[in-house]
Structures are given as C-alpha cells and as structure tokens.
Amino acid sequence: MVSLQALAGCTLVLAGLLIENVASRHWWAGVGADRLDARAALAVALPALGLALMAAPIA
C-alpha cells in the first residue's frame, strides 16, 4: 500500500517536472527569460521538496 506521504512526494516531483517542461517550451518559442522567473524556481523547488518529503521518516 502506498502511503499518503509517498503519494504527495511523487505528485510534487511530477508537478515540478511538468512545470520545467512548460518553461523549456516557452523558452524555445523565443520568449526566453533573461532572469530567474517563477517557473524556473518552481521547477527546482517542487521536486526537491517532493524528494525530501519522500525521504522523511514516517512518524
């Protein structure tokens, strides 16, 4: 059985990967950002948070 903690962690990782994919398509379309935007920050933060959540011990 899958715990809710693992399910939430996987959801965060997949959401971060999806946001990264959308951001890269946006950049390739010629609208590239010259500074760190919200999509780039979320693409890094969400998978990191999801992996940390999955690695945390279940109390």
**Request:** Assess whether Ala38 counts as being at pLDDT below 75, out of contact with any Lys or Arg (no Cβ under 6 Å at 6 or more places or on another chain), open to solvent by 50 Å² or more (accessible area, probe 1.4 Å) and among the hydrophobic types (A, V, I, L, M, F, W, C).
**Result:** no
**Prompt:** open to solvent by 50 Å² or more (accessible area, probe 1.4 Å), in a helix (DSSP H, G or I), modelled with pLDDT of 90 or more and in contact with a Pro (Cβ under 8 Å, 6 or more places away or on another chain) - does that describe any residue in the range 8-25?
**Reply:** yes
**Prompt:** Given the structure, is Gly32 modelled with pLDDT of 80 or more and open to solvent by less than 50 Å² (accessible area, probe 1.4 Å)?
**Reply:** no
**Request:** Determine the pairs where a residue that is closer than 13 Å to Leu42 by Cβ, located within the range 1-22, has a partner that is open to solvent by 90 Å² or more (accessible area, probe 1.4 Å) with Cβ atoms under 6 Å apart, the partner being 6 or more residues away or on another chain.
**Result:** Leu12/Leu49
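The values are calculated or read from the model by the stated rules, or taken from the named source; none is laboratory data. None of these values were measured; they are calculated from a predicted model. We place every Cβ from the backbone using ideal geometry, glycine too, and count neighbours over all the protein chains shown. Remember, those area values only see protein heavy atoms, side chains included, never the ligands or the DNA or RNA. Shrake-Rupley method; radii C 1.70, N 1.55, O 1.52, S 1.80 Å.
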